[in-house]
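A short write-up of the structure that comes next.
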Amino acid sequence: MDIIQRAYEKFLLAGEKIIETLDGKYTYPAFVEQLKEILNELGREVCTEVIEEMDKKIYSDKQERKDWRVVQKDCRRTIIGGFGDITYKRRYYENKVTGEKAYLVDKIMGIDKYERVDPDLRGDILDLSTMLSYEKSTQELKREGANCNISRQTVMNTIRKTDNLKTYEKPQEKKKVEVLYIEADEDHIHLQDSKKSGEVKLVYIHEGINNVTEDRNSLINVKYFAGVRDGKEIEQLWINVWSYIKDVYDEDSIKHIFVSGDGARWIKDSKEYLPNVVYVLDLFHLQKYITAALKDDKKTKRALLKALFKQDRDKANEILNQKLKELNTQNPENPITKCKKYINSNWDGIRAYSIYKEQIIGCSAESHVSHILSERLSRGPISWSKPSVDKLAQLRAMKANGISIKEAILKQRYEALKPIKLPKQTLYKERHKIRKLKQAESENTTNLPVLSYKKTFTSTAIKSLLSRSVI
């Protein structure tokens with residue numbers, strides 16, 4: 001294992017560059033670029049050496065690889081990491097009992113089959129892609145110092161392959177609350193190869209509102225769920241919501257779950273999957289229908305709203321029917337007919353305000369959709385494939401929940417891995433090499449080329465530091 005010696009040489013080379021820069025040979029930006037390349041090259045060499053040493057250890061420890069025989073050796077593989085392309089050689093094994101074939105070192109190191117991007121870099125890619133376009137994500141990675149050739153296609157593939165990330169930890173003790181609030185809405189997006197727009201659903205659960213300042217509120221213990229959910233997938237969305245509620249809250253203590261939304265069927269269907277649901281119509285959407293129907297007729301608007309909040313359904317219909325007579329139109333798509341139909345189909349959601357007026361706190365789903373989904377998914381001329389936008393929506397919900405995507409990726413991959421451990425004899429030899437290098441340190445460093453240059457302030461200073469004397 002020569003990596004200790006090579007690492008030491010690289011640090012000496014970095015030291016030379018520092019001294020040469022201070023001696024006027026390089027500008028600072030040129031020095032930074034050279035230093036990056038030295039450290040990236042060292043990083044690639046170290047990673048390659050560690051993986052190949054582990055492969056040797058597996059091969060030599062026949063007890064650890066019991067029943068596995070070598071089928072092929074020196075099989076090359078390249079994986080993209082933050083230091084750049086890491087290419088290493090390893091052995092291919094077959095299990096004599098089961099017939100299974102595998103690269104055992106890949107398994108031990110936590111490198112998946114067909115994986116091209118290492119988990120650490122994958123975490124960075126996913127984190128950036130939730131905020132930036134695929135192209136800008138690749139540019140930002142390079143700007144932050146990653147020495148890698150990541151394409152837009154790689155970013156997209158990385159997003160699509162992300163799955164089963166933990167979005168919350170079960171508490172040791174469940175909370176007891178009498179009331180929970182659920183708010184739901186959707187963002188409309190453009191889908192590729194389709195004339196129709198798609199919908200990304202957003203559902204979030206919380207325990208109520210906390211007054212942060214006079215003009216600002218925050219939701220208490222909010223939890224977000226998002227994704228492209230159609231047909232039977234909507235059922236799975238509500239099942240996931242209920243699973244979370246059961247894991248975090250004592251369900252027997254919950255008296256009411258207030259579900260607020262715009263009247264969409266998928267939101268009303270929550271009562272089929274959740275207990276004690278009270279549907280509440282989002283007044284923002286009700287106001288939109290009323291404004292579209294009555295426009296600037298303030299008198300009729302006041303009369304209609306008064307009827308609605310007195311729970312006088314007949315009066316509300318009478319007011320809208322009178323307005324229809326005035327217009328003298330039979331068009332079923334006119335805004336007054338639409339408003340009348342909307343009110344009648346959501347009457348239970350309107351009545352809830354009178355029955356539960358002390359507990360209902362309003363709905364802010366529109367602003368949450370804008371912040372969590374629209375900001376990345378639907379602002380601007382973007383067309384999405386369903387798998388990509390579904391995963392991105394889930395990732396943005398994770399971030400809104402305060403979860404570090406990179407930490408979740410690394411935890412998912414490495415939680416079950418055992419630490420790397422080479423034989424004690426090998427490690428003893430390497431420690432001995434380090435001691436020898438330390439003993440030779442002053443001799444090696446005093447031979448740096450810069451110290452043989454003409455006498456300058458820098459060379460004098462370096463010599464003084466190396467001899468531990470005072471300038």
To the nearest 20 debye, what charge dipole does the stretch 193-286 have about its Cα centre, counting +1 at the Cβ of each Lys and Arg and -1 at the Cβ of each Asp and Glu?
-> 260 debye
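Could you size up the charge dipole of the chain around its Cα centre, putting +1 on the beta carbon of Lys and Arg and -1 on that of Asp and Glu, and report it in debye to the nearest 20? Write down the numbers at each step before the final one.
Details: 86 positive and 71 negative charges, 150 e Å.
Roughly 720 debye for the chain.
Rounded to the nearest 20 debye, what is the charge dipole size of the stretch 1-103 about its Cα centre when +1 sits on each Lys and Arg Cβ and -1 on each Asp and Glu Cβ?
Computed charge dipole of the stretch 1-103: roughly 680 debye.
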When the accessible area of the chain is split by element with a 1.4 Å probe, what percent falls to carbon and sulfur?
-> 50 percent
Distance between Cα centroids, the stretch 83-142 to the stretch 301-333: provide it in whole Å.
-> 62 Å
At 20 °C and 1.002 mPa s, grab the translational diffusion coefficient of the stretch 312-390 from Stokes-Einstein with a Kirkwood Rh over Cα pairs, rounded to a whole number in µm² per second.
-> 131 µm²/s
Compactness relative to 2.2 N^0.38 Å, alpha carbon Rg of the stretch 1-103 | 1.51
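Beta carbons within 10 angstrom, averaged per residue: use that to sort the peptides 355-368, 268-281, highest first.
Values: 355-368: 15.6, 268-281: 18.0.
Result, highest mean Cβ count within 10 Å first: 268-281, 355-368.
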Lys174: which aspartates and glutamates have alpha carbons under 12 Å from its alpha carbon, excluding same-chain residues fewer than 8 sequence positions away?
-> Asp247, Asp250, Glu251, Asp252
With a probe of 1.4 Å, find how much accessible area the stretch 242-379 has per residue, and write the answer as a whole number in Å².
-> 54 Å²
With a probe of 1.4 Å, find how much accessible area the stretch 88-178 has per residue, and write the answer as a whole number in Å².
-> 60 Å²
Return one number: the angle in degrees, 0 to 90 and rounded to the nearest 10, between the long axis of the Cα atoms of helix 119-129 and the longest principal axis of the Cα atoms of the chain.
-> 40 degrees
Quick note, the stretch 63-221: a/c under 1.5 would make it rounded; otherwise a/b > b/c is prolate and the rest oblate (a ≥ b ≥ c, C-alpha gyration tensor); here it is prolate
Mind checking which lysines have their C-alpha under 19 Å from Lys17, skipping anything on the same chain fewer than 8 residues away?
-> Lys25, Lys36, Lys454, Lys455, Lys463
Relative to the compact globular guide of 2.2 N^0.38 Å, what is the alpha carbon radius of gyration of the stretch 180-262, as a ratio?
-> 1.30
Quick numbers on the stretch 201-336, Rg and Dmax over C-alpha atoms in Å, give 19.1, 56
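What are the semi-axes of the equivalent ellipsoid for the stretch 129-202, taken as the square roots of 5 times the Cα gyration tensor eigenvalues, largest first, in whole Å? Before the final figure, lay out each step's value.
On the way: eigenvalues 223, 103, 26 Å².
Computed over the stretch 129-202, the values are 33, 23, 11 Å.
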Estimated [θ] at 222 nm from DSSP helical runs (n ≥ 4, -39500 (n - 2.57)) normalised by residues in the chain, nearest 500 | -15500 deg cm²/dmol
Can you pull the Rg over Rh of the chain, Cα-only, Kirkwood?
-> 1.14
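The values are calculated or read from the model by the stated rules, or taken from the named source; none is laboratory data. Computed from a prediction, not measured in an experiment: that's the story for all the values here. Neighbour counts run over all protein chains shown; Cβ positions are idealised from the backbone, glycine included. Side chains are part of the model used for accessible areas, which takes the heavy atoms of the whole protein and leaves out ligands, DNA and RNA. Shrake-Rupley method; radii C 1.70, N 1.55, O 1.52, S 1.80 Å.
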